[in-house]
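K.L.:
First, the structure itself, so that you have it in front of you.
The values are calculated or read from the model by the stated rules, or taken from the named source; none is laboratory data. The structure presented is a predicted model; accordingly, all values stated were derived computationally and were not measured. As a convention, Cβ positions derive from the backbone with ideal geometry for all residues, glycine included, and neighbour counts pool all protein chains shown.
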Amino acid sequence: MSQERRLPGNADNHPGAIALHERPLVLDVDGTLILADSEQWNEPRPLLGAAEFLTALREMGRPFLLLTNGTARTPDDYVERLQAAGLDVRPGELLTPAVVAAELLVHHYPGEPVFVLGDNGTRQPLAARGIRLLDRSEATAARIVFVGWAPALTYEDLTAAARAIWQGAEFWTAVTARALAAQGGRAPAMGGAIMAAVAHVTATQPRLIGKPAPEALEVAARSLRTPLHELVMIGDDLEIDVSMARRAGCSAILVRTGTDRDAPADAADLSVENLSELLSLIKGNRRHYS
């Protein structure tokens, strides 16, 4: 029997038991539910127990959202790829940094123009909320420069972003990560590389909008209509997923199927080998308290 299954009597005040209670869940995707070839999620491969876990959550009526740092595609495009891989995910159940950025802009920067370094996956969630997006020739009028996944980045794009920041625009980024869990090993994070280029050129550190920024969980909590501290974050990365939960005051469950496979048992409130083990614990916890 693994160490993680020996929760002390499932006591209410034990962090592992608290994480198993009937609380809304926020699930990381890469390394937790799937492994893909890149940030584009071409032919994603579900990880052990992922499909069964999501199906069981629906059957139990357990609220959940998925949270990814990807901006290579729109949220609906990502959902379609997960569905094609056999995962029961529906439109509106997946948040990206662009969705988080759109919420922050609508609530805290109403009407402010934005220059985006990114493809449709970065731009569409902002445009859908009526945010004014500037083209390159207008970039110096931007209040915010937002960096996402931009594989076709040009010198002219970089110049426009830098000049906007030099003239006082805030610098936001979807990610700061250098790499992500992928098929065949780790893969470079395109958005993080572009962010680093802009930061180097402008000598300005960005405001992180995606994980591990707690704002991402704040938006998830609003979407799930639950207090922030009631959320439980499930992910494979200590520096991103678990760190974000800690900063936001949420419980964290580490799944050892991605980045941090060798983490110690006490690295999170609860550590499990895979989602199959986590599902067994959740079902056992429900029987204990029913």
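K.L.:
Please find, among V198, V272, the residue that is touching a Leu at 6+ places or on another chain (Cβ under 8 Å), modelled with pLDDT under 95 and either surrounded by fewer than 24 Cβ atoms within 10 Å (Cβ to Cβ) or assigned by TED's automatic domain parsing to the domain that holds R45 (or both).
P.N.:
V272
K.L.:
Quick check on A267: is it at pLDDT below 90 and of a type in the set (G, A, S)?
P.N.:
Taking the combined requirement at face value, the residue satisfies it.
K.L.:
Considering (1) modelled with pLDDT of 95 or more; (2) out of contact with any Lys or Arg (no Cβ under 7 Å at 6 or more places or on another chain); (3) not hydroxyl-bearing (S, T, Y), say which one D157 fails and leave the rest.
P.N.:
All conditions pass for D157, except number (2).
K.L.:
Still on this structure, I have one more. Going by the structure shown, is I234 assigned by TED's automatic domain parsing to the domain that holds T32 and not in a helix (DSSP H, G or I)?
P.N.:
In short, yes.
K.L.:
Something else now. Out of all the residues in region 161-174, which are surrounded by fewer than 20 Cβ atoms within 10 Å (Cβ to Cβ) and outside any helix (DSSP H, G or I)?
P.N.:
Those that are surrounded by fewer than 20 Cβ atoms within 10 Å (Cβ to Cβ) and outside any helix (DSSP H, G or I): Q167, G168, E170.
One line per residue, one yes/no per condition, for (1) in a helix (DSSP H, G or I); (2) outside the structural domain of T32 (by TED's automatic domain parsing); (3) farther than 24 Å from V219 by Cα:
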| position | (1), (2), (3) |
| --- | --- |
| A102 | yes, yes, no |
| L105 | yes, yes, no |
| P110 | no, yes, no |
| E138 | yes, yes, yes |
| V145 | no, yes, no |
| T159 | yes, yes, yes |
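K.L.:
Can you name the residue in region 15-73 that is of a type in the set (S, T, Y) and either assigned to a strand (DSSP E or B) or surrounded by fewer than 22 Cβ atoms within 10 Å (Cβ to Cβ) (or both) and, of all such residues, is modelled with the lowest pLDDT?
P.N.:
Ranking the qualifying residues of region 15-73, first place goes to S38.
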